[in-house]
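The values are calculated or read from the model by the stated rules, or taken from the named source; none is laboratory data. Just so you know, these numbers come straight off a predicted model, no measurement behind them. FYI the Cβ positions are ideal-geometry reconstructions off the backbone, even for glycines, and counts take in every protein chain you see.
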Ligand code: F6P
């Protein structure tokens, strides 16, 4: 395969590097009064303003040519039609099929994928109606008002993020809790808050072998049997979401209570599969369908728009520009939407488990940076924590701001006349402006600032950001936002020639945890057998545990 960094198109981007040092965002905006409107795209309901990024038209064009030489359209078509693009696991990558309408056609590996997807969606819908209407009863005859989703990684982060995001759509009195960590504190704290008689546990695991999920699921199972007084309680209080029917049966969950998905859905791409069951239970099937339609809207945008108007492609190219050419190592995502507070954590798995790769598809080493460290926190909290580094620190950290025009709820400001939502959004727009345009020493001095303090108060500006503005945080918008970043990941991987759909890097740690567990818990000290650091830590730990 062609190493993208050896192409003339890559060199052309490199050659433009000095040009961005010669011009500032201030100058680019002054020279082009239309820049803000011109460098914005619409994708579904999202208005995406790219104008405060450190790019000229020439750089954007050169970056777009990277997508051409990497044959992005052909790679994209291969994903959408179900080719086995996850080569190390020999699997198709078809999360986009999870949101196809029922009348779409897609047959992959002799399977009618659309009919499979809608078959499961129909079962989820019927089940959600039964639970929400009170027809489905717990072991003691009470109706269900609480759901606990037990899962980790993609079997947790998507649903837990969406659960919070769609808080305003949870009208029918079912609330969800999410347990992921194998730290027993997680499950214990949740069990302390719920009544097993009115609680349904969704065990969500693609493989149904993940250590943490299985430990939590078995512990929850014991708790329910103890509290409800019978093993029979499991049938009415436990359901599963998985690809592994045999393992679900071994756990004691009836096939009728398992909601299936498929090996072509990666864990971190699975929130639009049955992994979203806990969300469907709380917001209802209609809102869940709207959520899926949001994904599909963005899928269509990504599949059909030309690069110059294609939001995921443009965001991906900017990411490559900052990491591979300008040396950025991280990217902050700051939702000025409290209900999206878990979105940065969700994106961490989506982007970093996907793009954290050092070899290309053919196994050769990459010679360029892959992926960014995604991080973030809801605005305005971040402003009072880490924004100082964004404004005056020495690192380049591109920022994605996310805001909505119509809030789920609003309150008056301190003087009782204004809107707290307007205050929130004024902060978001202000931060993007200050990052981009800063404040010079001359301006400070003109404002009468003490010359001794002026250097400390200079805001360098020229710090890039993208602003994503949605009408409101509807289910459709949440779906669009997730799909937007899914396709950013795909595009970056396609251009950089890496596999965004495997995650071999997490396997070794899982295996070693098994060996270490034996050593930690053995009756007799097994003696030093690791490195001197680990051996010493084991000694201290065993002693503290009285072993
Ligand atoms: O951390 C590795 C991983 O395989 C993730 O990719 C996945 O989302 C998570 O573990 C959970 O896996 P499962 O759904 O099989 O329990």
- Message: Which pairs turn up if I take residues in segment 503-520 that are at pLDDT 95 or above and look for partners that are near the ligand (Cβ under 10 Å from one of its atoms) with beta carbon separation below 7 Å, at least 6 apart in sequence or on another chain?
- Response: 503/353
- In this structure, does residue 422 turn out to be in contact with a strand residue (DSSP E or B) (Cβ under 6 Å, 6 or more places away or on another chain) and free of Cβ contacts under 8 Å to residues at least 12 places away in the same chain? no
- Expected single match for assigned to a helix (DSSP H, G or I), within 24 Å of residue 494 (Cα to Cα) and modelled with pLDDT of 95 or more among 27, 58 is 58
- Query: Quick one: is residue 461 in a loop (DSSP other than H, G, I, E, B), crowded, with 17+ Cβ neighbours inside 10 Å and modelled with pLDDT of 95 or more?
  - Reply: yes
- Single match in 105, 116, 83 (criterion: surrounded by fewer than 21 Cβ atoms within 10 Å (Cβ to Cβ) and assigned to a helix (DSSP H, G or I)): 116
- Message: I'd like the full set of residues that are surrounded by 11 or more Cβ atoms within 10 Å (Cβ to Cβ) and part of a helix (DSSP H, G or I), limited to segment 522-547.
- Response: 534, 535, 536, 537, 538, 539, 541, 542
- Which numbered condition residue 206 fails, given (1) within 11 Å of the ligand (Cβ to nearest atom); (2) touching a helix residue (DSSP H, G or I) at 6+ places or on another chain (Cβ under 6 Å); (3) outside any loop (DSSP other than H, G, I, E, B): (3)
- Message: Cβ-Cβ under 9 Å, sequence separation 6+ or interchain: first residue in segment 251-262 and at positive phi, partner crowded, with 18+ Cβ neighbours inside 10 Å. Which pairs?
- Response: 252/221; 252/234; 252/238
- Number of the exception - residue 481 against (1) in contact with a helix residue (DSSP H, G or I) (Cβ under 6 Å, 6 or more places away or on another chain); (2) in a helix (DSSP H, G or I); (3) within 30 Å of residue 273 (Cβ to Cβ): (1)
- Qualifying residues in segment 235-261 (those that are within 13 Å of the ligand (Cβ to nearest atom) and part of a loop (DSSP other than H, G, I, E, B)) - the one surrounded by the most Cβ atoms within 10 Å (Cβ to Cβ): 261
- Considering only residues that are crowded, with 19+ Cβ neighbours inside 10 Å and in a loop (DSSP other than H, G, I, E, B), look in segment 300-355 and name the one that is nearest to the chain's Cα centre (by Cα). 342
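Given the criteria buried (at least 16 other Cβ atoms within 10 Å of the Cβ), closer than 18 Å to residue 308 by Cα and either out of contact with any helix residue (DSSP H, G or I) (no Cβ under 6 Å at 6 or more places or on another chain) or touching a residue at least 24 places away in the same chain (Cβ under 8 Å) (or both), does residue 59 qualify?
Details: buried (at least 16 other Cβ atoms within 10 Å of the Cβ): yes; closer than 18 Å to residue 308 by Cα: yes; either out of contact with any helix residue (DSSP H, G or I) (no Cβ under 6 Å at 6 or more places or on another chain) or touching a residue at least 24 places away in the same chain (Cβ under 8 Å) (or both): yes.
Taking the combined requirement at face value, the residue satisfies it.
Determine which member of the set 182, 162, 147 is at pLDDT 95 or above and surrounded by fewer than 20 Cβ atoms within 10 Å (Cβ to Cβ). Steps first, please.
Numbers: 162 fails: surrounded by fewer than 20 Cβ atoms within 10 Å (Cβ to Cβ); 147 fails: surrounded by fewer than 20 Cβ atoms within 10 Å (Cβ to Cβ).
Matching residue, one of 182, 162, 147: 182.
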- Task: Could you run through segment 465-515 and say how many residues are farther than 23 Å from residue 399 by Cβ, in contact with a strand residue (DSSP E or B) (Cβ under 7 Å, 6 or more places away or on another chain) and surrounded by fewer than 24 Cβ atoms within 10 Å (Cβ to Cβ)?
- Result: 2
- Which condition does residue 201 not pass, out of (1) within 16 Å of the ligand (Cβ to nearest atom); (2) touching a strand residue (DSSP E or B) at 6+ places or on another chain (Cβ under 8 Å); (3) part of a helix (DSSP H, G or I), if it passes all the others? (3)
- Task: Please state which one of 215, 192 is away from the ligand (no atom under 16 Å from the Cβ) and either within 27 Å of the chain's Cα centre (by Cα) or modelled with pLDDT of 95 or more (or both).
- Result: 192
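Suppose we keep only residues that are free of Cβ contacts under 8 Å to residues at least 24 places away in the same chain and loosely packed, with under 15 Cβ neighbours inside 10 Å within segment 219-234. Which one would you say is farthest from residue 208 (Cα to Cα)? Working first, answer last.
Kept after step one, since they are free of Cβ contacts under 8 Å to residues at least 24 places away in the same chain, are these residues of segment 219-234: 222, 225-226, 229, 231, 234.
Applying the additional criterion that residues be loosely packed, with under 15 Cβ neighbours inside 10 Å yields 222, 226, 229, 231.
Numbers: 222: 18, 226: 23, 229: 26, 231: 20 Å.
Top of the filtered list is 229.
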- Being more than 13 Å from the ligand (Cβ to nearest atom) and in a loop (DSSP other than H, G, I, E, B) is the filter; apply it to segment 145-185 and report the residue that is nearest to residue 278 (Cα to Cα). 174
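Check whether at least one residue in segment 45-55 is without any contact (Cβ under 8 Å) to a residue 60 or more places away in the chain, under 25 Å from residue 71 (Cα atoms) and not in a helix (DSSP H, G or I), and report yes or no.
Of segment 45-55, the ones without any contact (Cβ under 8 Å) to a residue 60 or more places away in the chain are 51.
Narrowing further to those that are under 25 Å from residue 71 (Cα atoms): none.
Looking through segment 45-55, none of the residues is without any contact (Cβ under 8 Å) to a residue 60 or more places away in the chain, under 25 Å from residue 71 (Cα atoms) and not in a helix (DSSP H, G or I).
So if I check each of 368, 374, which one is part of a loop (DSSP other than H, G, I, E, B) and touching a helix residue (DSSP H, G or I) at 6+ places or on another chain (Cβ under 6 Å)?
Exactly one residue qualifies, and that residue is 368.
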- Looking only at segment 262-317, and only at residues there that are touching a strand residue (DSSP E or B) at 6+ places or on another chain (Cβ under 7 Å) and over 29 Å from residue 169 (Cβ atoms), the one that is farthest from the ligand (Cβ to nearest atom): 309
